[in-house]
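Laboratory data are not the source of any read-out in this text; all were calculated from the coordinates shown. None of these values were measured; they are calculated from a predicted model. Heads up, the Cβs are rebuilt from the backbone with ideal geometry, glycines too, and the neighbour counts pull from every protein chain shown.
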Amino acid sequence: MTAVTIIGAGDIAAAVADLATKAAVKVQVLARDVEKARTLTAPLGAKAGRVGDAITGEIVVLAVPYPAVAEVLARYADQLTERILIDVTNPIDFATFDNLVVPGESSAAQIIQDTALQARVVKAFNANLGATIATGQVGSLTTTVLVAGDDADAKRAVIDLATAGGLEAVDAGSLKRARELEALAFLQITLAAAKKTPWTGGFALVR
């Protein structure tokens, strides 16, 4: 399987890095704070670097807060051509915690695709809380990753990554479905923030 570059060093980045390692994939983690990247990668035997370093993975995981996306895309504009770009962001208005900050007819993933035209954008992992990716469980069920995108081969690569790492994965349709995935994540996050559900839980898919 191909190599993975993860941009970011938060909970989702750490969980996906661990998942990719379980899938026997080479992992590179790039963060603004290289020490955070090193702390994350040390137990995994993965490579750490600073945002701005060259991307080595054919799959790139965009695991930064949504407000940082534009800067990252601009920095790596010439390195994303034909790469699979996994968007795990959720464009929540954290000032009010009551809305998404993208137009109602669009999504963060679509805006990213419109910006990085030569990348193959796939929405995935955003509707999973970090703990459920890390443990592989939502309650008694195996964590399911919902995957949306317009490139069938790119989606298959992401599904293969998730399943090789021990999770379930479902093709949720075209990139248009990213809007619903972001809304689903928004609801899940707000429920957890209000302590109505645990950060270690979340929505599960029964098949």
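What ratio of Cα Rg to 2.2 N^0.38 Å holds for the stretch 4-193?
In units of the globular-protein estimate, the stretch 4-193 measures up at 0.94.
Using amide H atoms built in the peptide plane, which far-off residues or other-chain residues are under 5 Å from Phe125 H to H?
Leu146
Please work out the C-alpha center-to-center distance from the stretch 142-207 to the stretch 1-67 and express it in whole Å.
19 Å
What are the radius of gyration and Dmax of the stretch 99-187, computed over its Cα atoms and given in Å?
Rg and Dmax of the stretch 99-187, Cα atoms, are 13.1, 40 Å.
Between Thr200 and Glu180, what is the FRET efficiency for a Förster distance of 25 Å, r being their Cβ-Cβ separation, to the nearest 0.05?
Result of the calculation: an efficiency of 0.55.
Using θ = phi - 60° and the Karplus curve 6.51 cos²θ - 1.76 cosθ + 1.60, what whole-Hz ³J(HN,Hα) does each residue of the stretch 134-143 get, with Gly and Pro shown as x?
5, 8, x, 9, 10, x, 8, 9, 5, 4
What lysines does Lys123 reach when the alpha-carbon gap must be under 17 Å and sequence neighbours fewer than 8 apart in one chain are set aside?
Lys155, Lys176
Step through the residues of the stretch 98-113 one at a time and calculate ³J(HN,Hα) from phi using the Karplus curve (6.51 cos²θ - 1.76 cosθ + 1.60, θ = phi - 60°), rounding each to whole Hz and writing x for Gly and Pro.
9, 6, 9, 9, 10, x, x, 8, 10, 7, 4, 4, 5, 5, 5, 5
Just for the Cα atoms in the stretch 9-83, what are the lengths along the principal axes, largest first, rounded to whole Å?
Computed over the Cα atoms, the extents are 31, 25, 19 Å.
Indicate, rounded to the nearest 5 percent, the antiparallel portion of the DSSP beta bridges found entirely in the stretch 4-193.
15 percent
Per 0.36 nm of contour for each residue apart, how much would the distance between Arg50 and Glu105 grow if the chain were fully extended, relative to their Cα-Cα spacing? Walk me through the numbers before you get to the answer.
Working: separation 55, 0.36 × 55 = 19.80 nm, distance 3.46 nm.
Residue separation times 0.36 nm, minus the Cα-Cα distance, leaves 16.3 nm.
Can you run phi through the Karplus equation (6.51, -1.76, 1.60; θ = phi - 60°) for the stretch 91-96 and list ³J(HN,Hα) in whole Hz, with x for Gly and Pro?
x, 8, 6, 6, 6, 10
Determine the dipole magnitude for the stretch 4-193: charges of +1 sit on the beta-carbon of Lys and Arg, -1 on that of Asp and Glu, nothing else is charged, the reference point is the Cα centre, and the result goes in debye to the nearest 20.
440 debye
Quickly work out the Ala3-to-Ala42 label distance, labels modelled 7 Å from Cα along the C-beta direction, and quote it in nm with one decimal.
In this crude label model, Ala42 to Ala3 measures out at 2.3 nm.
What is the set of long-range amide H partners of Ile86 at a cut-off below 5 Å, with H atoms built 1.01 Å from backbone N?
Residues meeting the criterion, in which the H sits 1.01 Å from N, are Val60, Val61, Leu62, Val122.
List the aspartates and glutamates whose Cα lies under 19 Å from the Cα of Lys36, skipping any in the same chain that are fewer than 8 positions away.
Asp11, Asp18, Asp53
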